[in-house]
Ligand SMILES: Cc1cc2nc3c(=O)[nH]c(=O)nc-3n(C[C@H](O)[C@H](O)[C@H](O)COP(=O)(O)O)c2cc1C
């Protein structure tokens, strides 16, 4: 049976619906020895800011039941070095590149970053990281990006400003640390985002009881991995019922079975995140597993599966 597994995210065409999540796949090249990067639907790069960021104090990660906490704090080389050093590597890989951006100041920084990336042909899409929970302990003047995605008006205003300066496919990444994620999703859609990406990590905390100290240098961090999957699937389903634009689902996807949960709940594409640290080849195994599922269930087109949950 010949399968059609290509999907569209805005104007971006992906040969398959499997991408790798921002911050969990470096800049692609680090994984080149483990898998044929060309087989991926897309690569989302580690969030980049205008200026370089050293990130948070160590320890920055700790293991949790069925997951992990991280408080990397958006360590990155800044946009100039990203363009000079990382983009040429992505160009060679040849897979659609989605560049994740965040601001340390206000909305203007998102606008400058989007304007800059808009001019670069090899950038296929821009992802607005308005949901990172891990940079609130920096300078008091620093914007906590998550505050944007916790407020529908702030989300609308930010997406609207960025939409005006780029024609590239615009993806907005939402936070699960909200009461009603559908309000934020609708605000982003109404402001002109082409797609939504969910979920970023859930704020969490672990304590070392012998030292009576938090296990992370930044005290709190973002929880990811299988522990968050049911929350992410639920949010995907809630948002799918309300919006008209594609959803990129993520949160605890470890294999094809878990990826298919998101697709059935309404995700057009999915991202593999924490699983990359356990099995760097898992994204390719997910693609193969999705194909096997389609063949087993005699479904020719992946589009017929999206949101096809029977309620
Ligand atoms: C170590 C680590 C670093 C991350 N860095 C970023 C980042 O820079 N930007 C971003 O949008 N999300 C970042 N995330 C969140 C992931 O992209 C993803 O949304 C989240 O981990 C849920 O998916 P998962 O459970 O499959 O990992 C990071 C996650 C981890 C574990």
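By the Cα gyration tensor, segment 26-121 has an equivalent ellipsoid whose semi-axes, rounded to whole angstrom, run 23, 21, 11 from largest to smallest. For segment 155-285, the ratio of Cα radius of gyration to the globular rule of thumb 2.2 N^0.38 Å stands at 1.16. Peptide packing for 41-54, 158-171, 289-302 was compared via the average number of neighbouring C-beta atoms within 10 Å per residue; ordered from the highest value, the list is 41-54, 158-171, 289-302. Each principal axis of the Cα atoms in segment 29-187 has its own extent, and those three values, largest first, are 41, 40, 29 angstrom. Backbone N atoms of segment 183-206 closer than 13 Å to the 7 Å Cα→Cβ label point of residue 241 belong to residues 183. Using the Cβ-Cβ distance between residue 190 and residue 108 with R0 set to 22 Å, the FRET efficiency works out to roughly 0.50. Compared with the direct C-alpha span, the chain from residue 183 to residue 144 gains 12.1 nm at full extension, assuming 0.36 nm per residue. With R₀ fixed at 25 Å, the C-beta to C-beta distance from residue 66 to residue 208 puts the FRET efficiency at about 0.80. So, in Å, what gap is there between the alpha-carbon centers of segment 48-125 and segment 254-276? Cα centroid to Cα centroid, the span is 22 Å. Structural size metrics of segment 85-139, computed from C-alpha coordinates, are Rg and Dmax of 12.9, 38 Å. In terms of overall dimensions, segment 238-311 has a Cα radius of gyration and Dmax of 12.3, 35 angstrom. Packing order of peptides 193-201, 6-14, highest average first: 193-201, 6-14 (average count of other Cβ atoms within 10 Å over each peptide's residues). Please state the shape class of the chain: rounded when a/c is under 1.5, otherwise prolate if a/b exceeds b/c and oblate if not, all from the C-alpha gyration tensor. Rounded, since a/c falls under 1.5. Spin-label model, residue 298/residue 3: points 7 Å from Cα along the beta carbon direction are separated by 1.7 nm.
Read the figures in this text as sums done on the coordinates, not as results from a lab. For clarity, every value in this text was computed on a predicted model and none was experimentally measured. Counting neighbours? That spans all protein chains shown, and the Cβs are built from the backbone with ideal geometry, glycine included.
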